[in-house]
Each structure stands twice: as structure tokens, then as C-alpha cells.
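Data first, discussion second: the structure below is written as C-alpha cells.
The values are calculated or read from the model by the stated rules, or taken from the named source; none is laboratory data. Keep in mind it's a predicted model, so treat the numbers as computed, not measured. Neighbour counts are summed over all protein chains in view; Cβ atoms, including those assigned to glycine, are modelled from backbone coordinates with ideal geometry.
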Amino acid sequence: MAKNNIKLEAKNLNAYYGDFKALKDITISMEEKAVTAFIGPSGCGKSTFLRTLNRMNDYIDGFRTEGDILLDGKDIYDKNIRVDELRKEVGMVFQKPNPFPKTIFENVVYGLKIQGIKNKAHLEEAAEKSLRQTALWEEVKDKMHKSALALSGGQQQRLCIARALAISPSVILMDEPTSALDPISTAKIEELIYELKNDYTIVIVTHNMQQAGRVSDNTAFFYMGELIEFGKTKTIFTSPSNDRTQNYITGRFG
């Protein structure tokens, strides 16, 4: 498919935690098989918005949205949408690696088993494919039945990405996926993101401006619940059109 096909979009999205308005009239389109980065100071709505894209905020009491979020043109908040089906399509990787206290193999195939897939050969093939995609296979192939908790932080995060890939999503959401990692592990994850965009649509929240510059095609700058500016990453970083974007990128606030 062409690079500029729209995979995900929000139209006039408002989000509330009780009476607090966390997102204000967000309209944005995210390209298929491209990396979109969300930047902005803490508490500006980046993660809230990211979590609306696979309805992770549904678990929070008092959370509600107005407006539309469309995945392949379909409203994900439509009452006929099954959230478990949506989350198969839109995977999530969190800030801190969160492997389950199970073996490496059981971690990777967890989502498939929940779907009722029991065929051992199928599970083994899926596990190897996902671990190869995350450049982890050579490091763990002889330890598949050992605890995932014995892996390093960087390996654990790549394992969590492999777990997200195993259920064959088309979109991967990443909420500051390297903020808990050392520079070498961070570089590996960034390299991985660059590779994965050939097959997946990726949306990443990052506090690290250099990271946004390195891995993303498009960047959205959020401030106090508003989408201030959105465009090609190079443009946002070299000639932003809004003073607030310029001030944030040059470190005057945030």
C-alpha cells in the first residue's frame, strides 16, 4: 500500500477524566507503515491520547471521550466493536518492560493462547518469527523455557515487543518504550522501530526529542491537552510554524 494511506485518525476528539478535560479537540491522521511520534512536556496529554487508540483508558473510572477515532475508517468506539478484537489489531508496548513471570516462550505466545490457539508447531513457529523480528532469537533460542524475568531490561522490552507482534497486529503503540533502558538497549529498540515500520504502523510517545528525530516520519507536539503542531518530523524540528513548538524543541520550557 502507498505510504500516505491513513491508518488511524482522530476527529475532534475530546477526552475527560471526570470533570477534567485532558484532550481538547484533537484532529490528526496517522499514516500507514510510518512512525508517528508524540512529543510534549509531562502531563500534556500524549499518553492519554495514545491510550485512546486502543481503548486502554476504558479501565479508568470517569474516563470518557467525545469525537471519533477511526482505524481503517471504522470508529473504534462504536458499540459493535469488540475491544478484544481491537487490541489484536492495535498492540501496545509500555514504558517499563512488563514480562509475565513465565518462561520466554510462554510470554511470546500468551496472546495466541488466549485466542485459543493450542497447536504446538504453530505456537513455536510464531514465537520464533516474533523473536527474530525483534532481533532476540539468537540471544534466547536456548533459553526458551527459562524465566523471562532473568533477561536484561533491554531484552525484556524486546520480548514485550515480540509478544505484541505475535498476535499479528497492524498497529503498534509504544508509550516511552526506552525511558527505563540504558543507551545501548535504547539504540537497539530504535533500530527495531525503524525496521518494523516496513510492516506496521507505529505510534510512539517519547520525552526524548533526539529519539523522535531519529525514528519518526511525522511528529505531533502536544501542550496542555492541545495538539499544537503536526507535520513531517524534519519540518517540525527545523522550521516549526508555532512559537510554542519552537520553544519546546529548543529547550526553553518542558
Candidates Ile76, Ile114, filtered to the one that is of a type outside the set (D, E, K, R) and within 17 Å of the chain's Cα centre (by Cα): Ile76
Only listed residue being hydrophobic (A, V, I, L, M, F, W, C) and within 30 Å of Asp142 (Cβ to Cβ), chosen from Val83, Val35, Val90, Val109: Val109
Checklist (1) closer than 14 Å to Phe38 by Cα; (2) out of contact with any Pro (no Cβ under 7 Å at 6 or more places or on another chain); (3) among the charged types (D, E, K, R); (4) without any contact (Cβ under 8 Å) to a residue 24 or more places away in the chain applied to Asp243, failing item: (1)
Only one of Ala180, Ala187, Ala148 that is under 16 Å from the mean Cα position of the chain (by Cα), of a type outside the set (D, E, K, R) and closer than 29 Å to Phe38 by Cβ: Ala180
Enumeration of residues in segment 2-22 that are closer than 15 Å to Asp72 by Cβ, out of contact with any helix residue (DSSP H, G or I) (no Cβ under 9 Å at 6 or more places or on another chain) and modelled with pLDDT of 95 or more: Ile6, Lys7, Leu8, Glu9, Lys11
Count - residues of segment 19-46 that are under 20 Å from Tyr200 (Cα atoms) and not in a loop (DSSP other than H, G, I, E, B): 8
Test: Lys143 is more than 20 Å from Arg55 (Cβ to Cβ), in contact (Cβ under 8 Å) with a residue 12 or more places away in the chain and either among the charged types (D, E, K, R) or touching a strand residue (DSSP E or B) at 6+ places or on another chain (Cβ under 9 Å) (or both): yes
Options Ala135, Ala162, Ala126; residue that is at positive phi and in contact (Cβ under 8 Å) with a residue 24 or more places away in the chain: Ala135
The one condition in (1) under 29 Å from Glu89 (Cα atoms); (2) modelled with pLDDT of 95 or more that Lys188 fails to fulfil: (2)
Residues of segment 186-195 satisfying the condition of being among the hydroxyl-bearing types (Ser, Thr, Tyr) and buried (at least 18 other Cβ atoms within 10 Å of the Cβ): Thr186
Residue check, Ala166 under 17 Å from Asn98 (Cβ atoms) and at pLDDT 95 or above: yes
Selection within segment 117-135 - crowded, with 19+ Cβ neighbours inside 10 Å, of a type in the set (A, V, I, L, M, F, W, C) and within 19 Å of the chain's Cα centre (by Cα): Leu131
Hits in segment 215-242 - residues which are among the charged types (D, E, K, R), part of a helix (DSSP H, G or I) and either crowded, with 18+ Cβ neighbours inside 10 Å or modelled with pLDDT under 95 (or both): none
Residue list for segment 173-185, filter: surrounded by fewer than 19 Cβ atoms within 10 Å (Cβ to Cβ) and either within 14 Å of Pro97 (Cα to Cα) or touching a residue at least 40 places away in the same chain (Cβ under 8 Å) (or both): Ser179, Ala180, Asp182
Conditions (1) within 30 Å of Thr235 (Cα to Cα); (2) assigned to a helix (DSSP H, G or I); number of the one not met by Asp84: (1)
Sole exception among (1) within 14 Å of the chain's Cα centre (by Cα); (2) over 23 Å from Gly111 (Cα atoms) for Val171, by number: (2)
